[in-house]
Amino acid sequence: MRRSVTLIIAIAILAVFALTHSAQIQALYTSMTHKPLPVGLNAPPVLPFGLGSAPGTPTPVIAPPPPASVIQNYANRVIARTNLYRQQNGCPALTANPILMSTAQAHSEDMAIHDFVGHNSFDGTTAWDRIRQAGYRYSIVAENVAWGQPTPEQVVDAWFNETPPNDLHRLNILNCKLHDIGVGYYYLANDPGNITAHYYWTEDFGTPWGQ
């Protein structure tokens, strides 16, 4: 009998505690069952910087492309700054290649219009296959992508200032075995999708077969 009374009192105390501390209990439960997602530089919550694939349910965006003169100017500035860092570190300057310029520009547009960031195309094609299918026969190929940086200088600095072990983009810039480069830039003033970066960048690197 005494044990039953003690049990009833204990249950009553727990019930009162639960009613008066419901917010704290809920917060504790949430902290135990929801782990924070990794966030990279200028990345959406579930994608590290420069990585990832196209989502299965994109939000296509209808928007005019940037003026050709702006695209060319920005591409030239990305190449110039990339070559500046290469030459400061003992690598020869890269040469703009028309095929790589085309593949890089198409990929930046693909990311912007189809609302994703990553190295694979919206249709799942890898960077390496895109470049090969465009007619560039290579012995080495590499790619950098980024989103959110408004100027050519800022995006190249973001790639170059990475620190090990997360410095794959910097290593691409400083790979002295690479000879050619292509740059893509696309801007969406109205960017209403899941990824609202506005600025989408691609660097395609390569060395022709036999070199």
**OP:** Calculate the spin-label point distance for Gln211 paired with His198, positioning each point 7 Å from the Cα along the beta-carbon direction, and give it in nanometres.
**Re:** 3.7
Original post:
What nm value, rounded to one decimal, do you get for the distance between Ala96 and Asn166 when each label is placed 7 Å out toward the C-beta?
Top reply: 3.2
Original post:
To the nearest 0.05, how large is the calculated FRET efficiency for Gln88 and Asn190 if R₀ is 35 Å and r is the Cβ-Cβ distance?
Top reply: 0.35
**OP:** Alpha carbons only, please: Rg and Dmax for the range 99-211, in angstrom.
**Re:** 13.8, 45
Subject >> Spherically averaged projected area of the range 151-205 from its Cα convex hull (nm²) >> reply: 4.7
Subject >> Long-range amide H partners of Tyr138 with built H, under 5 Å >> reply: Trp209
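Laboratory data are not the source of any read-out in this text; all were calculated from the coordinates shown. Note that the structure is a prediction, hence the values are computed from the model and not measured. So basically every Cβ, Gly included, is an ideal-geometry build from the backbone, and we count neighbours across all protein chains shown.
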